[in-house]
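The values are calculated or read from the model by the stated rules, or taken from the named source; none is laboratory data. All figures in this text were calculated on a predicted structure; none of them were measured in a lab. Cβ placement follows ideal geometry from the backbone for every residue including glycine, while neighbour counts extend to all protein chains displayed. We work out accessible area using only protein heavy atoms, side chains counted, and drop any ligands, DNA or RNA first. Shrake-Rupley method; radii C 1.70, N 1.55, O 1.52, S 1.80 Å.
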Amino acid sequence: MSVWDDLVGQEAAVAVLRGAVADPSAMTHAWLLTGPPGSGRSNAARAFAAALLCPRGGCGECHECTTALAGTHADVEVVATEASILRRQDVEPLVQLAQRSPSGGRWRVIVIEDADRLNETSGNVLLKAIEEPPPRTVWVLCAPSPQDVLVTIRSRSRSVVLRVPPVDAVARLLVERDGVEPALADAVAHASQSHIGLARRLARDPDARARRREVLDLARRIRGVPDAVLAAGELVEVAQAESKAATEERDADEKSRLYRALGAEEGKPLPPALRSQLKALEDEQKRRATRAQRDVLDRAMTDLLSLYRDVLLVQLGAAGADGGIDLVNVELADSVATLAADSTPEQTLRRMDAIGTARERLAANVAPLLAVEAMAVALRPQG
């Protein structure tokens with residue numbers, strides 16, 4: 001067992017990172033790990049941090065490895081944001097931390113999981129720290145692609161590219177590590193499009209699989225504009241409920257801790273001098289809830305895109321076991337065939353374009369209901 005075992009299908013990237021751990025001449029102070037969602041960027045960053053601290057280069061069993069992977073090692077700082085951007089005030093404490101010597105290990109490792117969310121101001125703060133690095137600090141930045149990171153930071157970091165792992169490798173991981181039944185593992189590995197985290201969630205949570213089926217059923221249910229409007233409203237309501245369920249307990253816990261820290265009684269009005277701190281927390285929680293809702297909707301749209309991708313493959317005669325391309329939604333092969341027979345490839349492409357436009361509008365902070373309604377109307381059958 002080693003810290004690299006969960007990085008399925010990433011042999012080339014692992015070789016580079018392992019080489020840097022073993023050979024000081026191959027080591028550098030700033031790394032940029034890029035790859036599509038589900039490729040394992042965050043897992044690779046944590047594995048690299050663990051291997052750098054481990055006396056045996058990443059055994060996966062010692063105290064250094066287990067605490068680094070869990071995010072509790074004193075010399076490993078992992079930063080992930082639920083806001084749309086990383087602000088200056090988020091980065092400045094990291095720059096100060098980077099100046100300190102490691103408390104016990106050979107390195108201090110700072111992992112920024114959402115480096116693509118640095119804006120120009122926060123990026124320039126980080127740039128200064130990368131340009132003048134302390135000798136025993138390592139920055140590990142993660143982003144979907146090199147182009148998502150400021151060019152000045154990109155040019156001063158060593159790039160390691162991760163790829164989408166093969167479906168069979170993800171399915172095998174689920175079977176061997178999580179005890180998932182092989183047929184289910186194969187289905188969710190396809191449905192997640194090799195996104196390991198999403199595949200695990202689908203395998204473990206029957207409700208998540210049911211919600212995904214409901215989203216994909218929209219393609220069949222929408223027959224006209226009224227259907228589209230109703231379906232859009234349902235989808236946004238589900239996203240709101242899911243994001244609330246994901247954040248409600250955490251929000252309440254954060255508010256309770258703030259009241260205790262301020263020495264105030266929860267539920268009672270705060271003195272005017274302390275109200276700004278509560279308002280700042282509530283504003284942050286609202287931003288987090290908004291992002292959670294948009295993430296749920298974006299995931300639903302990605303699932304719809306996968307369905308129409310399958311439809312297009314069937315329409316073009318490119319799907320099939322005999323040298324063809326595998327369907328993502330294997331369990332919905334009959335529905336895919338019906339949708340393919342009821343439309344043309346041109347109509348399928350227009351529907352995919354409409355979904356892509358809706359995702360762009362959500363990213364640009366268009367009201368979710370408006371963006372989803374316009375998409376749903378475009379999915380209705382065309383004469």
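Somewhere in region 80-89, is a residue of a type in the set (A, V, I, L, M, F, W, C), under 18 Å from residue 138 (Cα atoms) and buried (at least 16 other Cβ atoms within 10 Å of the Cβ)? Even if it seems obvious, please write down each step before you answer.
Start the filter on region 80-89 by keeping residues that are of a type in the set (A, V, I, L, M, F, W, C), which leaves 80, 83, 85-86.
Imposing the further condition that a residue be under 18 Å from residue 138 (Cα atoms) reduces the set to 80.
Right, trim to buried (at least 16 other Cβ atoms within 10 Å of the Cβ) and you get none.
Among the residues of region 80-89, not one is of a type in the set (A, V, I, L, M, F, W, C), under 18 Å from residue 138 (Cα atoms) and buried (at least 16 other Cβ atoms within 10 Å of the Cβ), which makes the answer no.
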| Right, residue 299: at pLDDT below 90, out of contact with any Pro (no Cβ under 6 Å at 6 or more places or on another chain), outside any loop (DSSP other than H, G, I, E, B) and surrounded by fewer than 21 Cβ atoms within 10 Å (Cβ to Cβ) or not? | yes
| said: Let me spell it out: the conditions are (1) over 25 Å from residue 372 (Cβ atoms); (2) open to solvent by 30 Å² or more (accessible area, probe 1.4 Å); (3) at pLDDT 90 or above, and residue 330 meets all of them except one. Which number is the exception? | reply: (3)
| query | Is there any pair with a first residue in region 335-351 that is in a helix (DSSP H, G or I) and a second that is exposed (fewer than 15 other Cβ atoms within 10 Å of the Cβ) and charged (D, E, K, R) whose Cβ atoms are under 7 Å apart and which are 6 or more apart or on different chains, and what are they? | reply | 335/220
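Please determine whether any residue of region 175-194 is closer than 30 Å to residue 26 by Cβ and out of contact with any Ser or Thr (no Cβ under 6 Å at 6 or more places or on another chain). Spell out the reasoning first.
The first filter runs over region 175-194 and keeps only residues closer than 30 Å to residue 26 by Cβ, leaving 177, 194.
Checking the rest, the ones that are also out of contact with any Ser or Thr (no Cβ under 6 Å at 6 or more places or on another chain) come to 177, 194.
Checking region 175-194: at least one residue is closer than 30 Å to residue 26 by Cβ and out of contact with any Ser or Thr (no Cβ under 6 Å at 6 or more places or on another chain).
Restricting attention to region 108-122, does a residue exist that is in contact with a helix residue (DSSP H, G or I) (Cβ under 8 Å, 6 or more places away or on another chain) and of a type in the set (Asp, Glu)? Working first, answer last.
Taking region 108-122 and keeping what is in contact with a helix residue (DSSP H, G or I) (Cβ under 8 Å, 6 or more places away or on another chain), we get 108-113, 115-116, 118, 121-122.
Now narrow it down to the ones that are of a type in the set (Asp, Glu): 113, 116.
Checked region 108-122: at least one residue is in contact with a helix residue (DSSP H, G or I) (Cβ under 8 Å, 6 or more places away or on another chain) and of a type in the set (Asp, Glu).
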| request: Working only within region 256-271, note down all residues that are open to solvent by less than 100 Å² (accessible area, probe 1.4 Å) and assigned to a helix (DSSP H, G or I). | output: 256, 258, 259, 261, 262
| message | So, in region 337-377, how many residues would count as being more than 20 Å from residue 294 (Cα to Cα), among the hydrophobic types (A, V, I, L, M, F, W, C) and modelled with pLDDT under 95? | response | 4
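Among the residues that make up region 48-56, is at least one of them of a type in the set (Gly, Ala, Ser), in contact (Cβ under 8 Å) with a residue 24 or more places away in the chain and either surrounded by fewer than 23 Cβ atoms within 10 Å (Cβ to Cβ) or within 19 Å of residue 197 (Cα to Cα) (or both)? Before the answer, list the steps.
First pass over region 48-56, keeping only residues of a type in the set (Gly, Ala, Ser): 49-51.
Subset that is in contact (Cβ under 8 Å) with a residue 24 or more places away in the chain: 49-51.
Remaining after also requiring either surrounded by fewer than 23 Cβ atoms within 10 Å (Cβ to Cβ) or within 19 Å of residue 197 (Cα to Cα) (or both): none.
Checked against the condition, which is being of a type in the set (Gly, Ala, Ser), in contact (Cβ under 8 Å) with a residue 24 or more places away in the chain and either surrounded by fewer than 23 Cβ atoms within 10 Å (Cβ to Cβ) or within 19 Å of residue 197 (Cα to Cα) (or both), region 48-56 yields no hits at all.
Consider region 161-170. How many of its residues are open to solvent by less than 60 Å² (accessible area, probe 1.4 Å) and in contact with a strand residue (DSSP E or B) (Cβ under 9 Å, 6 or more places away or on another chain)? Spell out how you get there, then give the answer.
Taking region 161-170 and keeping what is open to solvent by less than 60 Å² (accessible area, probe 1.4 Å), we get 162, 165-167, 169-170.
Subset that is in contact with a strand residue (DSSP E or B) (Cβ under 9 Å, 6 or more places away or on another chain): 162.
The number of residues fulfilling the criteria is 1.
Going through 236, 188 one at a time, which residue ends up being within 19 Å of residue 326 (Cα to Cα), surrounded by 14 or more Cβ atoms within 10 Å (Cβ to Cβ) and in contact with a helix residue (DSSP H, G or I) (Cβ under 6 Å, 6 or more places away or on another chain)? Walk me through it before giving the result.
On the way: 236 fails: within 19 Å of residue 326 (Cα to Cα).
Answer to the selection: 188.
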| task | Would you point out which residue out of 84, 155 is polar (S, T, N, Q) and touching a Ser or Thr at 6+ places or on another chain (Cβ under 9 Å)? | result | 84
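Let's see how each residue does on (1) under 19 Å from residue 94 (Cα atoms); (2) part of a loop (DSSP other than H, G, I, E, B); (3) in contact with a Phe, Trp or Tyr (Cβ under 7 Å, 6 or more places away or on another chain):
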site	(1), (2), (3)
17	no, no, yes
20	no, no, no
28	yes, yes, no
38	no, yes, no
44	no, no, no
49	yes, no, no
57	no, yes, no
61	no, yes, no
66	no, no, no
| request: For residue 198, state whether it is of a type in the set (A, V, I, L, M), in contact with a Gly (Cβ under 8 Å, 6 or more places away or on another chain) and either in a helix (DSSP H, G or I) or modelled with pLDDT of 90 or more (or both). | output: yes
| Does any residue of region 222-231 turn out to be in a helix (DSSP H, G or I) and closer than 27 Å to residue 82 by Cβ? | no
| field | The lone exception for residue 99 - which of (1) surrounded by 16 or more Cβ atoms within 10 Å (Cβ to Cβ); (2) free of Cβ contacts under 8 Å to residues at least 40 places away in the same chain; (3) touching a Pro at 6+ places or on another chain (Cβ under 8 Å) it fails | value | (1)
| query | Restricting attention to region 310-333, which residues are out of contact with any helix residue (DSSP H, G or I) (no Cβ under 6 Å at 6 or more places or on another chain) and closer than 18 Å to residue 222 by Cβ? | reply | 332
| With respect to the numbered conditions (1) closer than 23 Å to residue 303 by Cβ; (2) open to solvent by 50 Å² or more (accessible area, probe 1.4 Å), which one is the sole condition not fulfilled by residue 173? | (2)
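Those residues that are of a type in the set (A, V, I, L, M) and assigned to a strand (DSSP E or B), I need them from region 68-83; list them, please. Break it down stepwise before answering.
Taking region 68-83 first, the residues of a type in the set (A, V, I, L, M) are 68-70, 74, 76, 78-80, 83.
76, 78, 79 - these are the residues of region 68-83 that are of a type in the set (A, V, I, L, M) and assigned to a strand (DSSP E or B).
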| said: Quick check on my filter: what residues within region 360-377 are charged (D, E, K, R) and either surrounded by 18 or more Cβ atoms within 10 Å (Cβ to Cβ) or within 18 Å of residue 226 (Cβ to Cβ) (or both)? | reply: 373
